[in-house]
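For reference, the structure discussed in these notes is given below.
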Amino acid sequence: MREAGGRLYSKGAAILKMDAYPGSSVCDFTVEKVYQGNAILKVNGKWRAVLAAEDYDGPRHLIKKGARFKGIAKLYHEDGKFRAWIKEVVES
């Protein structure tokens, strides 16, 4: 938890408030399948997204089937696929 302006913020919210990652948001991720070079994630319990190895800046031990974590991410469409770029893991 971080304090700013008399309010308490989670680590992810504090980072976003400082505009460290413009255009990003805090999302819940669940790893569904792991392939060589990418993984299939469930985002906020609603959507499936592809996570490429180069789009993940976090601890490797979290990319295992069934793992759950919160991260600061940018979600985007590329080549007809929904993708996630996880910039930082804030809670595992």
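The values are calculated or read from the model by the stated rules, or taken from the named source; none is laboratory data. Predicted, not measured: the structure shown is a model, and the values here were computed from it. In this analysis, Cβ positions are derived from the backbone assuming ideal geometry, glycine residues included, and neighbour counts consider all displayed protein chains. Accessible surface areas use protein heavy atoms only, side chains included; no ligands, DNA or RNA. Shrake-Rupley method; radii C 1.70, N 1.55, O 1.52, S 1.80 Å.
May I ask you to rank 26, 89 by accessible area, largest first, using a 1.4 Å probe over the protein chains only? Intermediate results must be reported in sequence, preceding the final value.
Values: 26 60, 89 25 Å².
Result of the area sort, largest leading: 26, 89.
Phi angles of the range 75-92 translate, via the Karplus equation with coefficients 6.51, -1.76, 1.60 and θ = phi - 60°, into HN-Hα couplings of 9, 8, 9, 8, 6, x, 10, 8, 10, 10, 10, 8, 8, 7, 8, 10, 7, 10 Hz per residue; Gly and Pro are given as x.
Over the Cα atoms of the range 25-91, each weighted equally, I'd like the Debye log10 I(q)/I(0) at q = 0.28 Å⁻¹, rounded to two decimals. Each listed q maps to, in turn, -1.51.
What is the gain in length, in nm to one decimal, between residue 74 and residue 34 on full extension, counting 0.36 nm per residue of separation less the C-alpha to C-alpha distance? Don't skip to the answer; put the middle values down first.
Numbers: separation 40, 0.36 × 40 = 14.40 nm, distance 1.98 nm.
Fully extending the segment from residue 74 to residue 34 adds 12.4 nm.
Extension gain for residue 50-residue 91 works out to 12.7 nm (0.36 nm per residue, less the C-alpha to C-alpha distance). The peptide list 54-60, 40-46, put in order of mean Cβ contacts within 10 Å with the highest first, becomes 40-46, 54-60.
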